[in-house]
Structures are given as C-alpha cells and as structure tokens.
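The values are calculated or read from the model by the stated rules, or taken from the named source; none is laboratory data. For clarity, every value in this text was computed on a predicted model and none was experimentally measured. Using ideal geometry, Cβ is built from the backbone for each residue, glycine included, and neighbour counts are taken over all protein chains shown. Surface accessibility is based on the protein's heavy atoms, side chains included, excluding ligands, DNA and RNA. Shrake-Rupley method; radii C 1.70, N 1.55, O 1.52, S 1.80 Å.
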Amino acid sequence: MFKLKLLLILLLFFVGIAYTNEQYVENSLLEKIYKKYKIYAKKRFLLLQETLDNVKDKSDLEKLEAVNDFYNEVRYSSDIKTYGKSDYWATPWEFLGKDKGDCEDYVISKYFALKYLGVDYKKLFFTYVRSTKFKEPHMVLTYFETPKSEPLILDNNNRKIFPASQRKDLIPIYNFNGDILDKANKSNEKSHKKWDELKLNMQRKKI
C-alpha cells in the first residue's frame, strides 16, 4: 500500500512538471504547421517558444516587451490581401504561419502568448482606437496593471511600449476582452461575433 501511494505521488509530481513545461505549440500542431507552411514557419514557432521560455520567470513588463518585440517583426498585410476578406481575425498559428497579418492579428497573438506566460488575462484588453497619424480605425493591446492604472499600449505601428498618455496619435474608442465577457455571460449569448469565430477556430486549431 505504501509503495502504491508513493507511486501515485511520484506520478502526480511528474505530471505537474509536464504540465508546467507544456509547449505553447505542441509538437503535433507544429508538424501540421511545417507541412502547410514549410520549414521557415516551423523555425518561427521554435523561435517563439525560445522567446517565451526566456521570459517565463520574468516580470509582466519584461514579458510584455518580449512578446511585443517578437510579433512586431511580422509583416503587416490587410485581410483583403491575405484572406480575401474585409475583416478576419486570424488564429496565432495562421498569423505566424503566414508571417503576415493586420492589426487585430498582432493583438490576438500577443494576447494569447501573454496568457500562456501567466499574465492575468483580466489585465489585457483588445482596444479599438482611431489613429490620427493614419486617419483610420486601428486596434492595439492594452495592459492595465490595476483596474485604475494608466494602460500600457502594445502596438504594431509603434515598436516601443508607451503609457496611453504618451500616445497622442491614438483616440480610444472602447476596450474589449472576450474571456472576461465569456465568464460573465452565464446565458451564453453572443458577446462579440469576431471573438466567437476566433474561439471556434482556436478550438479547431486552425492553421
């Protein structure tokens, strides 16, 4: 009986280790990405994993900077050019697999990478703004250290993270966090069409 208990304890211990060391993109999905997008895409995901591993024990700010810097290397491309649609929210795997996307795609990929790193999703928001520089609607990821804190802006148009007060070129419209709405919405009504489509594509591991 003692040996059985000891075996169970050891099993739970190693399962816990495996869980905490879970890769952002598991090997089976990585191989599918390789088959569809070829070797350079696979290397991008391996570099992403290395980037995330390097900051997993760092502060939130260091995680924000690493993730922001990594994804801002991806090329900008409109949804029309990339997907033939006027507005499409790509999964992080589609975005990095194709190595191109628009502002929503940067935000989505940064959001899920930061969640993987343990940043509290309740501090992260998809923020619709209007860019006075480009004179068009835009989306950025915002990080609120506390609900009353001035948010930090993670933006593909500006590589450095700034507090919102220093981004005079952005006019805020509204914040959105689908995970928060999902948890608050007990009736399972549609919270945001694009978020609901994205969730389904994430569950399907769409690449």
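Key figures
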| quantity | calculated |
| --- | --- |
| Region 78-150: relative contact order as a whole-number percent, Cα under 8 Å and 6+ apart | 23 |
| With all protein chains modelled, accessible area of R130 [1.4 Å, Å²] | 100 |
| Coordinate range along principal axes, alpha carbons of region 81-168, Å, largest first | 40, 33, 19 |
| Rounded to 10°, Cα long-axis angle of helix 60-71 versus longest principal axis of the chain | 70 |
| Whole-percent carbon and sulfur share, accessible surface of region 52-124, 1.4 Å | 45 |
| Estimated FRET transfer efficiency (S149, N21; beta-carbon r; R0 41 Å; 0.05) | 0.85 |
| Which of I173, I39 is most accessible, then next, and so on - probe 1.4 Å | I173, I39 |
| Residue-normalised accessible area of the chain, given per residue in Å² at a 1.4 Å probe | 60 |
| At R0 = 22 Å, FRET efficiency that the Cβ-Cβ distance of Y76 and K56 yields, to 0.05 | 0.20 |
| The chain: most fluctuating residue of K133, K123, K43 per GNM, C-alpha cutoff 10 Å | K133 |
| Residue with peak Gaussian network fluctuation, the chain [Cα springs, cutoff 10 Å], from F144, F134, F45 | F134 |
| Fraction of alpha-carbon pairs over 25 Å apart in the chain - percent | 42 |
| Taking the chain and dividing mean pair separation by its residue count, relative contact order in percent (alpha carbons under 8 Å, at least six apart) | 17 |
